[in-house]
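The structure's right below; bear with me while I get my questions together.
Every read-out reported here was derived from the displayed coordinates using simple, explicitly stated rules and does not represent laboratory data. In this text, all values refer to a predicted model and were calculated from it rather than measured experimentally. As a convention, Cβ positions derive from the backbone with ideal geometry for all residues, glycine included, and neighbour counts pool all protein chains shown.
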Amino acid sequence: MPTPLIRPAVPSDAAAISAIYNHSVQFSTATYQEQPESVHDRLAWLAAHGPAHPVLVAEIDGTLVGWASLSPFHPRSAFRHTVESSVYINENFHRRGLARLLMTQLLDQARTLGHHVVLAVISADQDASRQLHHSLGFQPAGHLHEVGRKFDRWLDLVTMEFRL
C-alpha cells in the first residue's frame, strides 16, 4: 500500500467524507445514525469544526480513504477540555493501519491544542474499534446497555477515555 497522506480536511473533501460515513450509516453499527446525510450536512459539520476541533483525512494516490475528527463532548463550558473522537475508513481500506495512523495524529493534535481527555463512544459490537482504541492507550470508562436500536436489535455503547 502506498504511504497515505494525512492532512487537514477542506470543504472539497465533504462529499468523500460523507460517502465514507454514509456507508457506515447504511451497513454498520459504527454509528447509530440511521439516515444518510447530504453533502450539505457534511459541509455544515465541517464548517462547525474550528481550530480546536480538527478534522483530518487520509489520502492514497489522491483518493480520500478515511477521516478522523475531534468534536466537543458537551456544550457546557466545564466540559471544554474534553473532546470526542471519531474515525471512519472506506470499507475497501479496512485493516491497513489507516485508523491507527489517523488516530495517532489526532491524539497528537489534541495534546498540542491543550485538550485534557479524549473520549471514544463505540458500539459494543465493534470489536476492531474497541481493540484499536485500547492499543492506543484508551481505557474503558463505561458501558451503557441497550441504549440504541438499529437493524432491529438493541445495541450497547462503551465509552473509552484517553487522558492526555
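Provide the convex hull volume over Cα atoms per residue for the chain, in Å³.
Given the Cα convex hull of the chain, per-residue volume reads 114 Å³.
Please state the charge dipole magnitude for the chain, taken about the Cα centre, from unit charges on C-beta atoms (+1 on K and R, -1 on D and E), reported in debye and rounded to the nearest 20.
400
With unit charges on the beta carbon (Lys/Arg positive, Asp/Glu negative), name the residue among 68, 107, 124 whose Cα is farthest towards the positive pole of the charge dipole of the chain.
Value: 107.
Right, something else. Quick one: 3J(HN,Hα) in Hz for the range 89-98, Karplus 6.51/-1.76/1.60 with θ = phi - 60°, rounded, Gly and Pro as x.
Values, residue by residue: 10, 3, 4, 7, 10, 5, 6, 10, x, 5 Hz.
For the range 8-23, take each phi angle, set θ = phi - 60°, evaluate the Karplus expression 6.51 cos²θ - 1.76 cosθ + 1.60, and give the result in whole Hz per residue in order, putting x for glycine and proline.
Calculated HN-Hα couplings, in order: x, 6, 10, x, 5, 8, 4, 5, 5, 4, 4, 4, 5, 5, 4, 4 Hz.
Also, I was wondering about something else. Return the whole-Å distance between the Cα centroid of the range 108-129 and the Cα centroid of the range 1-25.
Rounded to whole Å, the Cα centres lie 18 Å apart.
Which whole-Hz couplings ³J(HN,Hα) result when phi for each residue of the range 139-150 is put into the Karplus expression 6.51 cos²θ - 1.76 cosθ + 1.60, θ = phi - 60°, listed in order with x for Gly and Pro?
10, x, 10, x, 9, 10, 8, 6, 8, x, 9, 8
Pull out the extension gain between residue 26 and residue 96, defined as 0.36 nm times the separation in residues minus the alpha carbon to alpha carbon distance; nm, one decimal.
Between residue 26 and residue 96, full extension yields an extra 23.0 nm.
Another question, then. Quick one: net charge around residue 68, please, counting Lys, Arg +1 and Asp, Glu -1 for every other residue with C-beta under 14 Å from its C-beta.
Local charge sum for residue 68: -2.
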